[in-house]
1. Taking Lys123 as meeting all but one of (1) free of Cβ contacts under 8 Å to residues at least 60 places away in the same chain; (2) in a helix (DSSP H, G or I); (3) more than 16 Å from Ser2 (Cβ to Cβ), write down the number of the exception.
2. With under 30 Å from Thr20 (Cβ atoms) and among the β-branched types (Val, Ile, Thr) as the only criterion, which of Val156, Val145 stands out?
3. So the check is Cβ under 6 Å with 6+ separation or different chains; which pairs have a first residue in the stretch 185-196 that's farther than 12 Å from Met258 by Cβ and a second one that's in a helix (DSSP H, G or I)?
4. Please report, ordered by residue number, the helices (runs of 4 or more DSSP H) entirely within the stretch 138-253 with at least 2 residues that are among the small types (Gly, Ala, Ser).
5. Counting only residues that are out of contact with any Leu (no Cβ under 8 Å at 6 or more places or on another chain) and touching a residue at least 60 places away in the same chain (Cβ under 8 Å), which one in the stretch 49-69 is farthest from Glu93 (Cα to Cα)?
6. Answer yes or no as to whether Leu64 is over 24 Å from the mean Cα position of the chain (by Cα) and assigned to a helix (DSSP H, G or I).
7. Among the numbered conditions (1) over 16 Å from Leu124 (Cα atoms); (2) modelled with pLDDT of 85 or more, tell me where Thr9 comes up short.
8. Residues in the stretch 54-112 that are among the charged types (D, E, K, R) and more than 25 Å from Asp171 (Cα to Cα): how many?
Amino acid sequence: MSEMLTPTTFESFRVYSLDTIARVDEALELIADVQDQRVVRPVLDPVIEEMKWSFAKDPAARSLAADEIDTLVALLGTSFSLDDFASHLLLIEKLVAEKYKETLERLLLELFDQPRQRMDYRKLVGFYCSHLVNLGYERNHIRHVVEETFFDKTVVRMGRKTLEKFLRKFDGKNRRYTVHVGVTRDLGNYLRGLDFNAFARVAGNAYEATLEENTNKDALTWVFEWPVDTLDPEGAMDSAYQFLSAQRAVSFLDPYGMHCEWGDTMHVTLHRAKLGQAITKTDFLENKPRPLLPIRKNYQRITRARTISNYAADIARNFEETSTERLLSSIRTAALARTSFNPENRLISLWSAIEVLLSEPREGARIVHYAKLIVPCIVMRHTRRQVIAVYNELLPRYRNRLNKITRDMETEARPRRLCRAGLSQRERGIPEEIVRSADRQSAGAPSGL
């Protein structure tokens with residue numbers, strides 16, 4: 001588990017990034033999207049293949065619903081309807097979900113002392129790690145528990161009782177935590193206006209030593225208190241971080257300009273505990289340090305919450321309902337991109353957030369349609385960086401289709417009639433039958449990637 005959860009090696013085990021229950025849930029959500037015509041049916045193909053892999057490799061799922069899984073796999077080899085597919089998935093989920101974690105733990109204990117089944121045991125550990133993450137446990141917390149149990153102290157005897165004690169630490173029960181975060185005066189004033197508990201920082205409190213660890217401590221003159229119910233202290237810290245990130249997005253509506261900054265090192269205390277712990281926001285991707293902003297000596301008292309509320313209300317009155325829904329959907333998708341640990345998921349979610357803001361393509365390739373809409377709206381430097389990132393991600397898997405799309409893209413310097421491959425092929429004397437066949441294949445190709 002320690003090896004699978006280390007930042008430098010976790011990407012080697014991305015195949016375990018979704019356990020079987022999570023794959024079933026993902027397939028059910030995608031089926032609903034296909035039925036609502038949000039996406040086309042072929043997007044189910046990779047999800048089905050991933051689910052087949054999980055069903056074949058996951059002994060916990062097979063021990064709970066082997067016959068139902070075999071029936072579903074047989075169904076997927078035929079021309080199945082989406083309703084039949086969803087019904088089978090719901091049945092499997094009902095049989096497996098409730099006892100899935102318990103079954104994984106039982107199998108881990110059974111194979112613990114079987115040296116000839118080490119690879120099977122390794123697969124089980126991978127599924128268990130992934131399931132804990134999908135339950136809501138933070139990867140850093142799981143890794144810390146592993147280090148604390150097996151590596152920080154000398155283990156005199158490693159037996160079944162030690163493993164049982166370790167597994168009991170992940171009981172799936174939420175606990176009440178209080179997070180103290182150092183924030184700037186502007187941000188603290190704004191949060192207090194929203195009836196959150198924010199107050200001026202006073203020396204001598206239990207969290208003071210933790211807040212002093214922040215590199216921007218001089219700017220953090222206020223403290224924000226965030227109570228939350230989570231599975232572990234890392235999750236409590238991440239909850240506070242996500243909340244403050246949302247407030248930073250809202251702060252851009254402040255017409256006066258708000259100094260919105262906080263410390264990455266936070267003080268987390270379990271409910272009724274006398275001592276807490278310092279937890280620093282970390283990620284599997286390195287974040288560039290933010291530049292230190294100058295502290296204003298002449299502070300102007302402004303009721304931040306009221307000014308932002310009035311400004312947002314003025315925007316809302318002049319905003320269409322459909323545009324509001326698309327904007328909110330884009331914000332939610334962008335939040336998923338920011339919180340995902342997988343770089344590919346981040347890129348896909350970020351691109352989806354951009355797609356939501358743009359109109360649906362009437363005809364032609366989606367990426368061509370979106371490119372025409374994005375270029376006038378975004379600074380060219382940012383557009384170029386986004387296009388390069390998307391191109392680099394799509395090129396390894398969709399080289400032929402992507403090259404064809406880029407060749408057929410219409411530009412001012414290269415009209416479409418001159419870009420058509422068929423025209424240049426005809427001029428070179430290629431037989432007309434081959435050209436017509438290529439045109440028919442092009443017309444029958446899917447409009448999106």
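1. Lys123 satisfies all of (1) free of Cβ contacts under 8 Å to residues at least 60 places away in the same chain; (2) in a helix (DSSP H, G or I); (3) more than 16 Å from Ser2 (Cβ to Cβ) except (1).
2. Checking each option against the conditions leaves just Val145.
3. From residues that are farther than 12 Å from Met258 by Cβ, the pairs are Leu194/Ala305.
4. 185-193, 233-251
5. Looking at the filtered set, the residue picked out is Lys57.
6. Answer is yes for this residue.
7. The one condition Thr9 does not meet is (2).
8. Count: 5.
The values are calculated or read from the model by the stated rules, or taken from the named source; none is laboratory data. No experiment lies behind these values; they were computed from the predicted model shown. Here Cβ is always computed from backbone atoms with ideal geometry, including for glycine, and neighbour counts include all displayed protein chains.
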